[in-house]
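J.: The structure is given below, and queries will be raised subsequently.
The values are calculated or read from the model by the stated rules, or taken from the named source; none is laboratory data. Remember, predicted model here, so these are calculated numbers, not experimental data. Cβ placement follows ideal geometry from the backbone for every residue including glycine, while neighbour counts extend to all protein chains displayed. Only protein heavy atoms, including side chains, enter the accessible area calculation; ligands, DNA and RNA are left aside. Shrake-Rupley method; radii C 1.70, N 1.55, O 1.52, S 1.80 Å.
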There are 4 protein chains.
Amino acid sequence: MTATKGPLVDANEHNLNGTDTSSDAREASATRPMRADAARNHEKILVAAEETFALEGVLVPIDAIAERAGVGIGTLYRHFPTKEALYEAIVMTRVTQLIDTARHFDHSADPGQALFEFLREFARQAAEKRDLFEALNQAGIDVKSQFSDLLGELMKAVDVLRERAVKRGAIKDDVSTTDILALISGSCNAAGHNGFDHDGLQRLIDIVIAGIREPAER
Amino acid sequence: MTATKGPLVDANEHNLNGTDTSSDAREASATRPMRADAARNHEKILVAAEETFALEGVLVPIDAIAERAGVGIGTLYRHFPTKEALYEAIVMTRVTQLIDTARHFDHSADPGQALFEFLREFARQAAEKRDLFEALNQAGIDVKSQFSDLLGELMKAVDVLRERAVKRGAIKDDVSTTDILALISGSCNAAGHNGFDHDGLQRLIDIVIAGIREPAER
Amino acid sequence: MTATKGPLVDANEHNLNGTDTSSDAREASATRPMRADAARNHEKILVAAEETFALEGVLVPIDAIAERAGVGIGTLYRHFPTKEALYEAIVMTRVTQLIDTARHFDHSADPGQALFEFLREFARQAAEKRDLFEALNQAGIDVKSQFSDLLGELMKAVDVLRERAVKRGAIKDDVSTTDILALISGSCNAAGHNGFDHDGLQRLIDIVIAGIREPAER
Amino acid sequence: MTATKGPLVDANEHNLNGTDTSSDAREASATRPMRADAARNHEKILVAAEETFALEGVLVPIDAIAERAGVGIGTLYRHFPTKEALYEAIVMTRVTQLIDTARHFDHSADPGQALFEFLREFARQAAEKRDLFEALNQAGIDVKSQFSDLLGELMKAVDVLRERAVKRGAIKDDVSTTDILALISGSCNAAGHNGFDHDGLQRLIDIVIAGIREPAER
DNA sequence: TATGAATGAGCATTCATTCAT
DNA sequence: TATGAATGAATGCTCATTCAT
């Protein structure tokens, strides 16, 4: 992974299926490798979409994305058959990263800290792309399909962290993973809307963490 | 509690400026008295808009609101010069109710409980009209203008509750009102998107409350 | 039927349902009578669509029709929810007229002449709007739905004529109504494409008539 | 009968100008000899276009043809500068076959039967490729240019048959070749649109034949 | 030369807002 | 004043054609 390693995603990793994102799987794909310029455009589009969605919301006309990417609309549509598809691609990338992050904390020595660190990292990532997570929560575009699979996976990954933390008595046992994720993403959202900076958001997260902590543990 | 009573909004409360909204204030207004039927339409529109926005989201075509209200589009536009204006009117009504609610707890004996009860009530109201608060958080429609004044007022009212709670040592002193409101509204939002029922939302709120509590106080 | 009696259709008769097209049913309709200007536009659109489709084919952009009608696109869409709907409306009007024509010959004294005259009249009508019938035959737009009902009715009406003609020995008994209609509409089509004038088309029709005549009867 | 044999078209016949299409003419052409693989592609495209047009109609995106042909779009465009050109090429092939067929009947002993058999064969060929002839009749694509020369040639070839039939008193003398072709192609068209099978179409053709026959001759 | 990626004009349709009745 | 018809800019998307690889 050299040349294509861009800000967010690289072209070949587009159809992530949640499994095996290992670095060299790419070459073995049945589809041919994608021409260099096409790959470049693919990424330009992804980057532009990310920025544009984040800046203007999901409702932004797709032309704006094409323009920002410096490609024609046709090109954009060649890479993503639908506005929704483009949107999904971005969100899925984001969620995939989150899953990776969660798994990264799996074997940490201190389960409590592992969970808390993960939540902070979650917020950090979401903050960078804040309005995207906002959009994620909206019905304007139907983000169900394959996406929910990925979301399920995220849930599972986080649940592992949560269970370990519960076992160690680090957090209350009556707080579900869904609750946690709802609070964190809600916080990210709110932070985004209210112009919170990074520290502000982390303050929110800390409150949430304090809220789920096992009182005894303090 | 006056805030939760009544159909949804009543016409009187529409052009609230934070002061007296007694029933006959309308007649005394500097602006023309507004004929009885006009007043009736005004209210019908408000009610319909509320329901429709809540049901269908902000993106719903304005015609749908007119239809639900049983008035022509022209009439709707006579009362609200803009879709945005109508939307603002509704949100402002809602916020006004919230301000009332906050003030209602002002003189409660137990400042800690007062704040917590207020937050729960906040969530309750927001849950009922969840999609509205969701929309509130969006950039799709610009809800700034006059609205921010009202929001400032809400902030002040809540801040009163917070300060009293801090003074009594009920909550941490490093949590700002903005933080609190962000967390609560973020929770409401998240709850709305994830299909949480009333109890689910209250569980979230309880976590937030636990998070802002002064540890010693438990 | 005074003011609205235009070239082709009048506004109120739009949603023909194949039954009772009697002249005064209109006033009794549940829907209100349609404002004068709206009715005028409705007809202008219908006329323009007719001309435009005939001139340019079904593929013509709908804007062209709106422009020719002298109305905004929005207006066109207010009257017909879909390009297809507009197209159907026109064709259905045409077919309805044909059905009327067929029924008109029902009780004619000479069944053979009745059928033949009807076929000539069919061709005459189709020739006036020739390219429409061409379009009618195309798959570009799906003209199935309610339309086929009407087509079935036309079939029935023509079949009455055909059966009477067969009984009198005026035409061969092994020629179906479908065959006849196919030949006539095929002729109209071909005439249209090849720049045949009215007489040219009638020459074609006469050949077809000769072809279905009972040899003995000559 | 050479016209109906072979896959569909063969590359040789493409740039027919009404003369010698013997197999090695290609090499002798004034234009560059065309490399073997290029010739192969040329034919693949023609075959694919024929099938695709017949299957999907003229509106089919040109990419579909390239795909079916197993070549890139660029290649397709190298061989045919325009969608229209490709379409014309196919129709011309078809018409050329028809001309061959007509000439084949030139010296038949019974001129009446010769004409009738030709018409039946015409219908047979058109039925096989029905959507093509349908398309032929449309204004969507302008099939005039060089094409009309070929059509003129067809006219002449059929006129020979007609004149001989007239001389023998087999058909009426007031029926023009244009009339005949219009009726036949109109019938093919109508048959195509109405789901007639081969027999159904032949029934139509027989009616037309009966219509142009000299009454006495029966 | 073959390929298929890039392009962008063009199309059907929606919806906030204005205006004639 | 109430009505709803008229308006047209804006949007997502397609597809013939061009051009870099």
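J.: Which whole-angstrom value gives the distance between the alpha carbon centres of segment A:75-132 and segment C:46-72?
T.: When both Cα centres are located, 51 Å separates them.
J.: Something else now. Decide, for segment C:35-81, between rounded, prolate and oblate: order the square roots of the alpha carbon gyration tensor eigenvalues as a ≥ b ≥ c, take rounded if a/c falls under 1.5, and otherwise choose prolate if a/b is larger than b/c, else oblate.
T.: Verdict is prolate for segment C:35-81.
J.: Here's another thing I want to ask about it. Counting partner chain Cβ atoms within 10 Å of every residue's Cβ in B:52-60, what's the average?
T.: Across B:52-60, the average partner-chain Cβ count within 10 Å equals 1.
J.: Describe numerically, in nm with one decimal, the distance between label points set 7 Å from Cα along Cα→Cβ at C:Glu163 and at C:Ser148.
T.: Distance between label points: 2.3 nm.
J.: Now for a different question. Going by amide H atoms built from the backbone, whose H comes under 5 Å of the H on A:Ile171, apart from near neighbours?
T.: Close amide H contacts, sequence-distant or interchain: A:Val166, A:Glu214.
J.: I would also like to ask the following. Find out how many positive minus negative residues lie around A:Leu76, taking Lys and Arg as positive, Asp and Glu as negative, among other residues whose Cβ is under 15 Å from that of A:Leu76. Each step should come with its number before you reach the end.
T.: Numbers: positive: A:Arg40, A:Lys44, A:Arg68, A:Arg78, A:Lys83; negative: A:Asp37, A:Glu43, A:Glu50, A:Glu51, A:Asp63, A:Glu67, A:Glu84, A:Glu88.
Taking every Cβ under 15 Å from that of A:Leu76, the sum is -3.
J.: For the pair A and B, how large is the buried accessible area, both sides, in square angstrom to the nearest 100, if the probe is 1.4 Å?
T.: 2200 Å²
J.: I would also like to ask the following. How would you rank B:40-49, D:166-175, highest first, on the average number of other Cβ atoms within 10 Å across their residues?
T.: The packing order, highest mean first, is B:40-49, D:166-175.
J.: Residues of segment A:150-198 that become at least 50 Å² less accessible with every protein chain present than in their own chain isolated, using 1.4 Å: which are they?
T.: A:Asp179, A:Ala182, A:Leu183, A:His193
J.: If R₀ is 51 angstrom, what is the calculated FRET efficiency for the pair C:Asp110 and D:His107, using the beta carbon separation as r and rounding to 0.05?
T.: 0.65
J.: While we're on this one: What does the average come to when, for each residue of peptide A:199-208, you count the partner chain Cβ atoms lying within 10 Å of its Cβ?
T.: 5
J.: Nearest 0.05, what FRET efficiency do A:His198 and B:Asp174 give at R0 = 22 Å with Cβ-Cβ as r?
T.: With a Förster radius of 22 Å, E is 0.80.
J.: Could you please report the charge total around D:Ala48, scoring K, R as +1 and D, E as -1 over all other residues with beta-carbon less than 12 angstrom from its beta-carbon?
T.: Result for the neighbourhood of D:Ala48: -4.
J.: Between copies, how far does the label point of B:Glu163 sit from its twins, in nm, shortest first, when each point is 7 Å from Cα along Cα→Cβ?
T.: Output for B:Glu163: 5.0, 9.4, 11.2 nm, nearest copy listed first.
J.: Here is a follow-up. Given a cut-off of under 8 Å on Cα pairs at least six residues apart, what relative contact order in percent is computed for segment A:34-81?
T.: 38 percent
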